[in-house]
């Protein structure tokens, strides 16, 4: 559940990035970092542990610049170390990444043969190195990022920053969510609209396979076929109570305590005018026509699915399988025509 933020701003961006990352702490993380471009120079700071450690490092080693990207990492490939923390940098490019590059070993072998060696244990460094290679072959940052993304297999949300480019950010998504925020002469990127809430209420969500070229004055979004896409800009309202811990020490403690109010708010959307009945949406799934239900989720969403399994089996008499998403992604379970799948997001 890593977090991504990016800002092309009109003010020093390091404190803005750190504050945005704080709003993503509920996702869980074990290291954090930011990178900025200042007078064309690309530089980064990273730290293991809580964001306060990154803040302390930035006090000791300030990072200037009005363009930057940031990341909170939950370790997958490689231990939670400063070396493995994002952003990853290779020559003139820095990258932050949510997801998994499934073919990174093949790409790593190819890059090593070209003399580009890895310093970390992560799959993400391969993205930075491959982009660096394409730029060394004369491709522009946009072209290099596009060529790199075309080589990647797996799921990812990506944000790129480039040396010498104070007014350019590249973003792309496949399988992992990513949003672009619109400001007054500024532009933002976030893996969650919550991260961007104090910065803007105008959000465009990238769709599957989208590739975005972002500057302070323009945002161009291309679909998976390379065609310029017209994605909707939405005005959103995010309850400020969702953004902070509300006096609790941890987000999990807050989420446990607020379960009654969350259930009440959820049910209220389906109650009639006098709250005497629950009215389900039209065209709802007819459980009578389903032979089996497969639920797929991760983390606490998986635990929620296990609870729902009891209810579906007891009340609806419907057989239920529950799979951890990371396992379901790679195995090939036999699924009969009468099976319904329910995917639960964290």
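Where a number appears in this text, it was derived from the coordinates with a stated rule and is not lab data. From a predicted model like this one, the values you see are computed outputs, not experimental measurements. Every residue, glycine as well, gets a Cβ built from its backbone with ideal geometry; the counts of neighbours run over all protein chains shown.
If the convex hull of the alpha-carbon atoms of the stretch 295-341 is projected onto planes in all directions, what is the mean projected area in square nanometres? Averaging across all directions leaves 3.3 nm² for the Cα convex hull. Mind checking the angle between helix 104-113 and the chain's longest principal axis? C-alpha axes, 0 to 90 degrees, to the nearest 10. Value to nearest ten degrees: 10. The length gained on full extension between residue 56 and residue 304, counted as 0.36 nm times the residue separation minus their Cα-Cα distance, comes to 85.6 nm. Note on residue 117 and residue 291: the extension gain reaches 57.4 nm, defined as 0.36 nm multiplied by sequence separation minus the Cα-Cα distance. Distance between the 7 Å Cα→Cβ label points at residue 327 and residue 155: 1.6 nm. Spacing of the modelled spin labels on residue 271 and residue 248, each 7 Å from Cα toward Cβ, amounts to 2.2 nm. Which of 55, 136, 261 moves most in a GNM of the chain, Cα contacts under 10 Å? The residue with the greatest mean-square fluctuation here is 261. Note on 329, 44, 317: ascending count of other Cβ atoms within 10 Å places them as 317, 329, 44, the fewest first.
Could you calculate, for the stretch 216-346, the ratio of the Cα radius of gyration to the Kirkwood radius, expressed as Rg to Rh? Ratio value, two decimals: 1.04. Distance between the C-alpha centres of the stretch 164-239 and the stretch 19-53: 19 Å, rounded to the whole angstrom.
Helix 299-315 and the longest principal axis of the Cα set of the chain meet at an angle near 20°. Each pair of Cα atoms in the chain enters the Kirkwood radius, and Stokes-Einstein at 37 °C and 0.692 mPa s then converts it into a translational diffusion coefficient of 151 µm²/s. Computed from the alpha carbon atoms alone, the convex hull of the stretch 189-229 holds 72 Å³ per residue. Subtracting the Cα-Cα distance of residue 317 and residue 217 from 0.36 nm times their residue separation leaves 30.4 nm of extension gain. Its relative contact order, with pairs defined as Cα atoms under 8 Å and 6+ residues apart, puts the stretch 285-343 at 52 percent. Mind checking the log10 I(q)/I(0) for the stretch 40-163 at q = 0.09, 0.20, 0.21 Å⁻¹? Debye, one equal scatterer per Cα, no solvent, two decimals. Log-scaled intensity ratios, in q order: -0.24, -1.17, -1.27.
Arranged from fewest to most other beta-carbon atoms within 10 Å of their beta carbon, 296, 324 become 324, 296. Under the criterion of Cα pairs below 8 Å and six or more residues apart, the relative contact order for the chain equals 13 percent. Tilt of helix 259-268 relative to the longest C-alpha principal axis of the chain, in degrees (0 to 90, nearest 10)? The two axes meet at around 70 degrees.
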